[in-house]
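Each reported figure results from applying straightforward, stated rules to the coordinates on display, with no laboratory input. Just so it is clear, the structure is predicted and the values come from calculations on it, not from any experiment. Note that each Cβ is placed from the backbone with ideal geometry, even for glycine, and that neighbours are counted across all protein chains shown.
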Amino acid sequence: MAEKNNEKSSESDKSRQLEEYTIDYANKPLTTRQGLKVNDTNNSLKAGVRGSTLLEDFLLREKITSFDHERIPERIVHARGSAAHGYFELTKNIKKYSKAGIFTDTSRKTPVFVRFSTVAGSKGSTDLARDVRGFAVKFYTKEGTWDLVGNNMPIFFIQDAMKFPDLIHSVKPEPNNEIPQAASAHDTFYDFVSKTTETLHNHIWVMSDRGIPRSYRMMEGFGIHTFRLINEEGKSHFVKFHWKPKLGVHSVTWDEAVKISGADSDFHRRDLWDAIDSGNFPEWQLGIQVVAEEDEHKFDFDLLDPTKLIPEEMVPVEIIGRMVLNKNPENFFAETEQVAFLPGNIVPGIDFTNDPLLQGRLFSYRDTQLSRLGSPNFHQIPINRPVAESYVNQRDGHMQMEIPKGQTAYFPNALGGGCPYLSKVADGAFESYQERIDAKKIRGRSESFSDHFSQPALFYRSLADWEKEHVISAYSFELGKCNHEEIKSRMLFIIGQIDSNLAKRVADNLGMEIPEDIDRPLNQSIGADAVVEDHQPGSKKIYLEKSPVLSQANTKFDTIATRQIAFLVADGFHMQSFQAMRKALENEKAVVKIIAPHGGMVKCDEGMDHKVDAAIMTTESVLFDAIYIPGGKKSVNVLKEESKFLKFINEAFSHCKSIAADGEGEHLLETSSIKEYKEDEAILINEKPELFIDAISRHRNWKRMQVAQKIPV
Ligand code: HDE
């Protein structure tokens, strides 16, 4: 029991550590950095009130100099992100696989800091870009910090770190005109993708709804690489890490993404912040796929190839823990911007594999933190400080925050009593897994990495029809934005290798033909002295017809918690229906927002004032998950006259959202473009709140998709 209490304290250990560095400015005087009290921060020191500013003005110099240096380089990738604090709890001991404290001790609450991000855009770009999302978790474990720096997709674009700069240079704004921002739909990206077929698997995930999530809280997370778990006996198992969101995996449509980018480009950031602020803590389960060492070669793909997933039907995901995010950062810069993730941050019981992408990452992240944060002492920044105590001999450098005592900073030493001393593995020291390697030094790629089509094809086959339609539209949009015919043509040929119907539909949209063949090599990821023919991607294999978990049609649909519901009202709305619906939705933890023709207050038919959350001219239907219109003749007559309310309804309908109306509320629907489509299971007129709740929990009524496309919005 004593042990348990002790372990439990570890979550608060990190909070206490952060509190030590947190400064409260309430009731405090303004001072200089030296603590000198200040009586004027509005005027510089001048030779007369209309005279020139004096060099003597140390207050002006301190203020301006500090301002001049307020920025640090933004991350070269994943620049735009948002983060939160929380904890991880192990629900199932996996001692048989790993000796890590975090995987053996179910009584611990390990503090975490999690940063979500887009990849390509700059720090100020929109949250709704079609892109991969970063999902980086810092576990402050008692044995040292472990960083699981993953994405919301289970695979990556390339197989070898050597190609990362090429990938990123191709997707970032083009170097001559710095266009486009936070968008992959341009020539250089497709020039690269069409010549690098290993990108296709991650690429088709980005073209799917996974590339435009509804919320960070509704995304899966993946460690991507195969890692190792090492148990007390030193035995290794291969492992893939999965985060499964409690709210299921949900997305918006491309039309919404485009409009949200204008209406609220902080949509995901705000959503995460508001959910935590209101006590609706985001939650994920941690799952593992474990493969025995002896089964390393039993698959049709290579476990070391980061462009491949292990279908869950082949190796099920075992749920072993849960992560809850329960606290927003105090300060964006100090925490979210300065947090430094390093895939090389590891603890005993977990280890790396030879995945050539992972190996490159182990180098890159420390290097990039040096240029972002400016000093090897970045681990001393409060958000980066481990909970485990750290004693190193590398101590000098910019911004040393500690005062290391003593005469020695080297090992071995006698003068310092041999300290800091070495530990034994039995006492918790890290020891790399002793993998046997017997190989030639070679710059090249394993033949087992050359299947580039089977898994994108498996992904596409596994999607529901509506998801396939979204993928077709996404490819059509992206390629439609390219200016070079030969790039589009090459792409059509290549996606034809994934699925001929997909390529045909995209070709029709582009008004192009799919070429019968294109210049070889298809894939340029070949070794220096390789024969081109030997290094073509292999032809598509079908080792699994479908993997249902890859489709969002099979995600969880059991809650409406935190869903944003717009109540459209004007003076005179029917209080009874309003109140009954509101209560029912809020009981299920949905968030009700009153949208009215103006700000301030609206009066219901019982004469009470209700605070308006947003005036119609300040908001858009794409920011909501569903709409409700209570009865009340007077109210509905006003709403009918405002075209923005009709646009609001038409758009929600076209995005396949649920709409409910009571009493005269129906008249508003009849005035909108959806009047003919009332035979729709997510259009509920004078129905019980339970049916509306059920419809919202199903996220969207995709059966409406064809009809919805006819609505002019
Ligand atoms: Fe990253 N990546 N990456 N990456 N990555 C960075 O590190 C890099 C890769 C990922 O919220 C950078 O601190 C290389 C895969 C996330 O702060 C940089 C390669 C995966 C984040 C870097 C990869 C990721 C980064 C930029 C190929 C998923 C944001 C700033 C070998 C498993 C972390 C920074 C945060 C950030 C390099 C590939 C995920 C430059 C060289 C694969 C979530 O070091």
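Quick notes on this one:
- Ranking of 14, 675 by count of other Cβ atoms within 10 Å, fewest first: 675, 14
- Using equal-weight Cα scatterers in the Debye expression, the normalised intensity of region 557-708 in log10 at q = 0.10 Å⁻¹ is -0.29.
- Only helices enter the 222 nm calculation for the chain: every DSSP H run of n ≥ 4 contributes -39,500 (n - 2.57), and dividing by all residues gives -8500 deg cm²/dmol, rounded to 500.
- Spherically averaged projected area of the chain from its Cα convex hull (nm²): 39.9
- The HN-Hα couplings worked out from phi for region 279-295 by the Karplus form 6.51 cos²θ - 1.76 cosθ + 1.60 (θ = phi - 60°) are x, 8, 6, x, 9, 9, 9, 9, x, 10, 10, 10, 10, 5, 3, 5, 9 Hz, whole numbers, x standing for Gly and Pro.
- The amide H of residue 685, built 1.01 Å from its N in the peptide plane, has 661 as neighbours under 5 Å, considering only residues 5 or more places off or on other chains.
- Among the chymotrypsin sites (Phe, Trp or Tyr not before Pro) found in region 1-100, those both in a DSSP coil and sparsely packed, with 13 or fewer other Cβ atoms within 10 Å of their Cβ, are 25.
- The DSSP beta bridges internal to the chain are antiparallel in roughly 75% of cases.
- Taking a ≥ b ≥ c as the square roots of the eigenvalues of the alpha-carbon gyration tensor, region 77-183 is classed prolate because a/c is 1.5 or more and a/b outweighs b/c.
- Of 28/142; 195/468; 541/703, pairs whose Cα-Cα distance is over 29 Å: 28/142; 541/703
- Pairs of Cα atoms nearer than 8 Å and 6+ residues apart set the relative contact order; for region 567-713 it is 24 percent.
- Loop-located trypsin sites (Lys or Arg not before Pro) across region 385-491 with a Cβ neighbour count of 10 or fewer within 10 Å are 405, 424, 436, 440, 441, 443, with loop assigned by DSSP.
- Relative packing of 119-125, 611-617, which averages over residues the other C-beta atoms within 10 Å, highest first: 119-125, 611-617
- Straight-line cross-link partners of residue 14 among the aspartates and glutamates, defined as a Cα under 16 Å from its Cα and at least 8 positions apart when in the same chain: 89, 143, 147, 330, 335, 389.
- Formal net charge of residues neighbouring residue 270 (Cβ-Cβ distance under 9 Å; K, R +1; D, E -1): -4
- Candidate aspartates and glutamates for bridging to residue 488, where Cα separation is under 12 Å - those fewer than 8 sequence places away on the same chain excluded: 187, 191, 478, 513
- In terms of other Cβ atoms within 10 Å, 28, 589, 603 run from fewest to most in the order 28, 589, 603.
- Cα shape, region 148-294, gyration tensor, a/c 1.5 rule: oblate
- Lysines with Cα under 18 Å of residue 240, excluding same-chain neighbours fewer than 8 positions away: 92, 95, 96, 99, 138, 298, 308
- Loop GluC sites (Glu not before Pro), region 381-449 (other Cβ atoms within 10 Å of the site Cβ: 11 or fewer; DSSP): 389, 402, 431
- With distances taken between every two different alpha-carbon atoms, region 452-553 has a Kirkwood hydrodynamic radius of 14.8 Å.
- Gyration tensor (alpha-carbon) shape descriptor, region 1-138, a/c threshold 1.5: oblate
- The lysine pair tally for region 576-656, using Cα distances under 18 Å and a gap of 8 or more places or different chains, is 11.
- The ranking of 256, 198 from fewest to most other beta carbons within 10 Å of each one's beta carbon is 256, 198.
- The tail of the calculated P(r) for region 376-511, taken as Cα-Cα distances beyond 18 Å, holds 75 percent of the pairs.
- The alpha carbon centroids of region 685-713 and region 227-262 are separated by 28 Å.
- Taking only alpha carbon atoms, region 2-68 gives an Rg to Rh ratio of 1.34, where Rh is the Kirkwood radius.
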